[in-house]
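We did not get these values from a lab; they are worked out from the coordinates using the rules stated. Given the structure is predicted, the values throughout are model-derived calculations rather than measurements. Quick reminder, even Gly has a Cβ in these numbers, built from the backbone with ideal geometry, and neighbours come from all protein chains shown.
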Amino acid sequence: MKEIKKRLEKLENLKNSLDGILIFSDSGGTMNFENPNFFYLSNTDVIGAVYYDFSSPKYTNIMEKKRAERSWIKDIRVMDKDFEKVIKNKKIGIDKSSTSFPTLEKINKICKIVDISKDLEKARLIKTDYEIKTIKEACKITGKIYKKFLPQIKKTATEIELKGLIEYEMHKHGVLPSFPTIVAAGKNSAEPHHVADKTKLKNPIVIDFGIRYKGYISDVTRTIGSKEQNNLEKIIQEVYSKIKPGIQTKELDLLTRKLMKEKSKYFIHSLGHGIGLAVHEMPWLNSKSTDILKSGMTFTIEPGIYHKEGIRIENDILLKEDGIEVLTEF
């Protein structure tokens, strides 16, 4: 498949120092995108491992062979003693960031392991045409969900009821949340990661939600009934005008704080983060980041002000050679 070939080509630089790479699906027991690097190379969330010796990718699987056969990798092999012989005494790249300690111990007895987690994360930085198309569709579905639940908010009594309504609309659209939906009303809006409870809804209401579609995510925040809405929207538009290939991400974070003036002390998190297979990935948009934006990157811009009450506005962005495309304009 052309798509998997494009992704594997991003790792070709590793063949000069490694005999192969071995990426496990999870860190010890659960499924559902625990390791985005595994999904990136297989397009599946089953339990198993991808082995690539720089000639052809192989899917080594313990107990889900049938499901594994529906992945992008067609050479399905059971991980057994024969596979151990394949990697014995070789220099193998491992994603240490998402591999359980017992697995690392076991593999380390068979071959020499090298951590390539940073290489894998960098490989995912610039999105392929397929990834961009999929992220755009995730954002499109998110907009449809927003338009469905927005008119029903007045009929909803509490934060947790609204959270349930939003996620119900996701299920009706055939998707799952990419992270637990945040609903924060009144004084709770001043807590960026407030967990919805029985608090009665009153303005301002911060709603942070997103979906996962074919592995890829959206991440959006809207605030209803904030006095800071117009001011923050003006700041966002000014920041948008400065986003271009080659700019260092920390410049955008620092610009946002400058535009907020005295209210910048209430902006208590970073300006944004990359999105893709993970809700938070490179590039990082904060005041200390050395990441440089390039065409093909997807990320969020999400300034917020948190004092007695809070507001956050978050959109998903695609950077192109000639500027940005806001993927969540709704």
- Query: So what is the relative contact order for the chain, in percent, with contacts set as C-alpha pairs under 8 Å and at least six apart?
  - Reply: 14 percent
- Averaged over all directions, how much area does the convex hull of the C-alpha atoms of the stretch 108-221 cover when projected, in nm²? 10.2 nm²
- Of all alpha-carbon pairs in the stretch 129-326, indicate the percentage at a distance above 30 angstrom. 18 percent
- Message: So for the stretch 129-326, averaging the separation of alpha carbon pairs under 8 Å that are six or more residues apart and normalising by length, what relative contact order in percent results?
- Response: 21 percent
- Item | Signed unit charges on C-beta, dipole axis of the chain, positive-most listed residue ILE205, LEU150, PHE83 | LEU150
- Message: Just the number: Rg to Rh for the stretch 2-123, Cα atoms, Kirkwood Rh, two decimals.
- Response: 0.91
- Message: Using the Cα centre of the stretch 129-326 as origin and beta-carbon charges of +1 (Lys, Arg) and -1 (Asp, Glu), tell me which of THR298, ILE243, THR223 is placed farthest towards the positive end of the dipole.
- Response: THR223
- Positive minus negative residues near ILE153 (Lys, Arg vs Asp, Glu; Cβ under 15 Å): +3
- Note on the structure: Taking Lys and Arg as +1 and Asp and Glu as -1, residues besides GLU228 with C-beta under 12 Å from its C-beta add up to +3
- What does the charge dipole of the chain about its Cα centre add up to, to the nearest 20 debye, if the Cβ of each Lys and Arg holds +1 and the Cβ of each Asp and Glu holds -1? 160 debye
- Item | Convex hull per residue volume in Å³, alpha carbons only, for the chain | 142 Å³
- Message: Given a 10 angstrom Cα cut-off, can you work out which residue in LEU22, LEU254, LEU14 is the most mobile in a GNM of the chain?
- Response: LEU14
- Dividing the mean separation of Cα pairs under 8 Å (6+ apart) by the residue count of the stretch 2-123 yields a relative contact order in percent of 25 percent
- Note on the structure: Using alpha carbon centers only, the stretch 254-295 is separated from the stretch 69-129 by a whole-angstrom value of 32 Å
- Task: Over the stretch 104-164, consider all pairs of different Cα atoms and compute the Kirkwood hydrodynamic radius from their mean reciprocal separation; express it in Å, one decimal.
- Result: 16.2 Å
- Task: State the Cα centre-to-centre distance between the stretch 147-199 and the stretch 300-330 in whole Å.
- Result: 19 Å
- May I ask what percent, to the nearest 5, of DSSP beta bridges between residues of the chain are antiparallel? 80 percent
